[in-house]
Amino acid sequence: MPSRIGILGGSFDPPHLGHLAVGVESAHRLDLDVVHVMVANDPWQKSTARSVTPAALRWEMVQAACAGHPRLFADDAELRRGGVTYSIDTVTALVAEGCEVTLLLGDDAAAGVETWHRAQELAELVTLGVVGRPDSPVAEPPERWRVRRIECPAFEISSTDIRRRCAAGEPIDHLVPPGVLAVIDREALYGFGR
């Protein structure tokens, strides 16, 4: 019987409690065996727009965030592959191992899934698990995509806001797991502690 895998991919710059809620809730609601929290090596749609924290530190934070959550697996496959990160490469490898793959996305990302590298091929291989975000309108991907909507507790948390809060000297300990906070503090990421 194939493994039912969810992939929650992203830059995770930094990972936060909203990411964990999506992963755990998706595993439960979609009856997934495990959710791979996949750190993008070079998130091509973001790295051209802003500076991204080095992949090794984002990976360390994801490992810390997933600790203690048995259905979340911190996955470094895209880091090991190197170069620009494309979901199709990760999905193709998992499908070849006999896995059924669900890509977990927010409404904002699902609305732009047609712009992804080799989108038509990706649509044939995955189901999209789409989580509504409080700040995004509901946008359905084209009909060729298999879509399952996920009801998830709403957290108005974003990595962008956490980076802003760090730079402004505002608290973030209620928004990120303790292990993530420890890495941010140790490395003075995002201007934290300055």
- Item | Relative contact order (%) - the stretch 1-92, alpha-carbon pairs under 8 angstrom, separation at least six | 34 percent
- Charge dipole (debye, nearest 20) of the stretch 93-191; +1 at Cβ of Lys and Arg, -1 at Cβ of Asp and Glu: 80 debye
- Note on the structure: At q = 0.11, 0.17 1/Å the base-10 log of I(q)/I(0) from the Debye formula over the alpha-carbon atoms of the chain is -0.47, -1.17
- Query: Given +1 on the Cβ of Lys and Arg, -1 on the Cβ of Asp and Glu, and no further charges, what dipole in debye does the stretch 4-155 carry about its Cα centre, rounded to the nearest 20?
  - Reply: 140 debye
- Taking Cα atoms, how many degrees apart are the long axis of helix 55-66 and the longest axis of the chain, rounded to 10 and kept between 0 and 90? 80 degrees
- Counting only residues 5 or more apart in sequence or on a different chain, those whose built amide H sits under 5 Å from that of GLY129 are LEU103, LEU104, LEU105, ARG148
- Message: How tilted is helix 178-187 with respect to the longest principal axis of the chain? Cα atoms for both, answer in degrees (0 to 90, nearest 10).
- Response: 60 degrees
- Counting only residues 5 or more apart in sequence or on a different chain, those whose built amide H sits under 5 Å from that of ASP42 are THR85
- GluC sites (Glu not before Pro), loop per DSSP, at most 16 other Cβ atoms within 10 Å - longest free stretch of the chain: 1-96
- Task: Find the relative contact order for the chain and round it to a whole percent, using C-alpha pairs within less than 8 Å whose residues are 6+ positions apart.
- Result: 25 percent
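Every read-out reported here was derived from the displayed coordinates using simple, explicitly stated rules and does not represent laboratory data. The shown structure was predicted, so the numbers you read here are calculated from the model rather than taken from an experiment. Reconstructed Cβ throughout: ideal geometry from the backbone, glycine too, with neighbour counts over all protein chains shown.
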